[in-house]
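Visitor: The structure under discussion is supplied below as C-alpha cells; questions concerning it will follow.
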4 protein chains.
Amino acid sequence: MADSLAELQNAIDAFVEERNWAQFHTPKNVAMGIAIEAAEIMEHFLWCSNDESYSLPREKRAEVANEIGDVLIYLLGLGRALDIDIIAAARDKLVQNREKYPVEKAKGRAVKYVDLD
Amino acid sequence: MADSLAELQNAIDAFVEERNWAQFHTPKNVAMGIAIEAAEIMEHFLWCSNDESYSLPREKRAEVANEIGDVLIYLLGLGRALDIDIIAAARDKLVQNREKYPVEKAKGRAVKYVDLD
Amino acid sequence: MADSLAELQNAIDAFVEERNWAQFHTPKNVAMGIAIEAAEIMEHFLWCSNDESYSLPREKRAEVANEIGDVLIYLLGLGRALDIDIIAAARDKLVQNREKYPVEKAKGRAVKYVDLD
Amino acid sequence: MADSLAELQNAIDAFVEERNWAQFHTPKNVAMGIAIEAAEIMEHFLWCSNDESYSLPREKRAEVANEIGDVLIYLLGLGRALDIDIIAAARDKLVQNREKYPVEKAKGRAVKYVDLD
C-alpha cells in the first residue's frame, strides 16, 4: 500500500490499540461507521444544486474535509479487519469499470452508466 | 498525497476524462455515490452478528473488496472536485480524535465514544 | 396508529413470524436495513439534476416505489422492536420543526434550514 | 392512504407550503434526506451488539424516535413528489417478498434471505 497511506494505517492502528477499541471495530460496526460518515458528507450538499455544490462556504468545506477523513479512517479500518488492501481494491474495480463502461458506449451518457450499473 | 494513491487518482481522472463524465461528477453527486457504495458494503453485514462479520464467505469478501474500491474511487473524486487531500484530511481528523477521546477517558468504552461523538 | 398502517404492521408481523426471522430483526440490524434501502432509493437519482428527478422513466418510478416500500417495512419493524409509534414520532418531529424553523425566518431559505439543522 | 397518515401528509404539506420549501424538496434532495436521517438512526446503534440494541437508554430511545419521524416525513415527501402511495408500495413489496422468500425455504435462514436478496 502507499507509503503515506501505510503511515496513516499505522497511526490509526495505534489510536485504536491505545484505547482498546479493536473489540468494537468489528467489520459490521466499521461498515456502519463508513455509511454514517458518508451521510455526514452528504448532509452538506442536501439542499444545493449540482452547480452550487462546487462552491461551499469555507467552513462547510472544512467540515466536509473532516467527514472525508472519517470515511477514509473507517475504510482503512475495514480493510485492516478483513485484510483487504483498499488501493488494490480500487485499482481492480477501475479495471472492471473500464470493461463495463467502454468509452464508445458510455461517453457523456450518465443514464447509460446508471442502466449498466 | 501518497505515490500509489496519486497514481490511482490519475487513473481515475483518465477514466472520467475519456468518458466525458466530469459533467456528472459534481460534489453533490459524488457525495451521493460514496453513500450508495457505503450502503452496498453494509449489505454484506446486514444479518450477521459482530463476531460472524469477521468470517465472510470468500465470494462475499471479494464483493466487499469491490465496494470498498468504489467508495475509495468516489472519495478521491470528491477530494479532486473540492481540492481536498483525503490523506491529509484523515491525518487532521486523527489529531482531533486524539484530543476528543483521551486514552484515560475513552479506554475500552464504546458508549463514552458515542456520547462524546 | 392509522388503520391501514396497523394492517400493514400486522401483515409484516405475520411475514416475519412465519419465517422465524424475528431473531434477525434486531433494532441494530433493522436500522441498517432502513439505511441500505434508503440508499437504493437514492441510486435512482444519482446522476440526474434536481429538475430531472421529477420525471423518472416509468420502470424506474416502479423501482423507487419498491424501495420506498422496503424503507417503510423496515421503519415499522424498528418501531415494533422499540415500541415506537412511527406516526406519533413524525407528528412530534413536525411540532419541533415548526418551532425550530419559524416561517418568518425560514421562508424560502434552504441555507438557513441547513444551518439551523 | 390511512386516515392518520393522510393527516400527517397534510400537516407536512402545510409546513412546506408556509415556508415555500417545495422548491428545495425535489425527489433527488428528499431521497438524500431519507438516507441522511436513516444514518442518524443507525448512529445510535453503531457500537452496540444486536442484543444490546434492544435496551437503549431512555434519552437515546427518544432521539431514535425523532430520527424515525424524520425518515417518515421525508418518505411521505418523496411519495408526494412522485405521486406514490407509500402504504400501497409497502403492501406490494410484501406480496413480492412472500413469493421471493417462501416459508419452507426461508424459515430461520438469514443467510438464505441475503443470498436471495
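Visitor: Calculated from DSSP H runs of 4 or more alone, at -39500 (n - 2.57) each and per residue, what is the 222 nm mean residue ellipticity of the protein assembly as shown, nearest 500?
Guide: That calculation yields -23500 deg cm²/dmol at 222 nm.
Visitor: How many lysine pairs in chain B, separated by 8 or more positions in sequence or lying on different chains, have Cα atoms less than 20 Å apart?
Guide: Lysine pairs meeting both conditions in chain B amount to 4.
Visitor: Still on this structure: Among rounded, prolate and oblate, which fits the protein assembly as shown when a ≥ b ≥ c are the square roots of the eigenvalues of its C-alpha gyration tensor, a/c under 1.5 means rounded, and a/b larger than b/c means prolate?
Guide: It is rounded, given that a/c, with a ≥ b ≥ c, falls under 1.5.
Visitor: Using only alpha carbon pairs under 8 Å that are at least six residues apart, calculate the relative contact order of chain B and give it in whole percent.
Guide: Relative CO of chain B lands at 32 percent.
Visitor: Under a plain spin-label model, where a point goes 7 Å from the Cα along Cα-to-Cβ, how far apart in nm are C:Asp83 and A:Glu63?
Guide: Taking the two extended label points, one gets 3.6 nm.
Visitor: As an exercise, use a Förster radius of 25 Å and the Cβ-Cβ distance of C:Asp92 and C:Ala14 to find the FRET efficiency, rounded to the nearest 0.05.
Guide: Result of the calculation: an efficiency of 0.30.
Visitor: Got a sec? How would B:Val95, D:Val64, B:Val16, B:Val71 order by Cβ neighbour count within 10 Å, fewest to most?
Guide: B:Val95, B:Val16, D:Val64, B:Val71
Visitor: Which value, in debye to the nearest 20, describes the size of the charge dipole of chain A about its Cα centre when Lys and Arg Cβ atoms bear +1, Asp and Glu Cβ atoms bear -1, and nothing else is charged?
Guide: 560
Here, each number is a calculation from the coordinates, and none is a lab measurement. Keep in mind the model is a prediction, meaning the values are calculated, not measured. Here Cβ is always computed from backbone atoms with ideal geometry, including for glycine, and neighbour counts include all displayed protein chains.
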